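Here's the structure, in structure tokens; my notes come after.
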Amino acid sequence: MDAFTAGLLQRIRTTESDLTRARDEGDDFLVEVEQAELDDLRRLAYEHGVEVGA
């Protein structure tokens, strides 16, 4: 796995964790921010052929 792929997958995992925490804390604004970031990261992964788990 190259550095780009590893870094992208790590950012996705971190963002998913941050999104879960924001939801648990009831922070609606942060949920929107983290969800937008996650959507962007998943789009980037798709565009570069990086397979992301469900």
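Each value in this text was obtained by applying a stated rule to the coordinates, not by laboratory testing. Source: prediction; values computed, not measured. Quick reminder, even Gly has a Cβ in these numbers, built from the backbone with ideal geometry, and neighbours come from all protein chains shown.
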> Only one of the listed values, (1) 3.7; (2) 3.2; (3) 3.5, was derived from the coordinates as mean projected area of the Cα convex hull in nm²; which label is it?
Replying inline: (3)
>> For the pair ASP27/ARG13, report the inter-label distance in nm, with labels modelled 7 Å from Cα in the Cβ direction.
In response: 2.2 nm
> Which one of ALA22, THR5, GLN35 is farthest out on the positive end of the charge dipole of the chain, using unit charges on Cβ (Lys, Arg +1; Asp, Glu -1) and the Cα centre as origin?
Replying inline: THR5
>> Would any residue of segment 27-54 have its amide N under 16 Å from a label point 7 Å out along Cα→Cβ of PHE4? List them or say none.
In response: 41-52
> What list of ³J(HN,Hα) couplings, whole Hz, do you get for segment 10-25 from phi and the Karplus terms 6.51, -1.76, 1.60, once you set θ to phi - 60° and write x for glycine and proline?
Replying inline: 5, 4, 5, 4, 5, 5, 4, 5, 5, 5, 4, 4, 4, 5, 4, 8
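Let's see if you can work this out: charge +1 on each Lys and Arg Cβ, -1 on each Asp and Glu Cβ, no other charges. What is the dipole magnitude of the chain about its Cα centre, in debye to the nearest 20?
On the way: 6 positive and 14 negative charges, 51 e Å.
Approximately 240 debye in magnitude.
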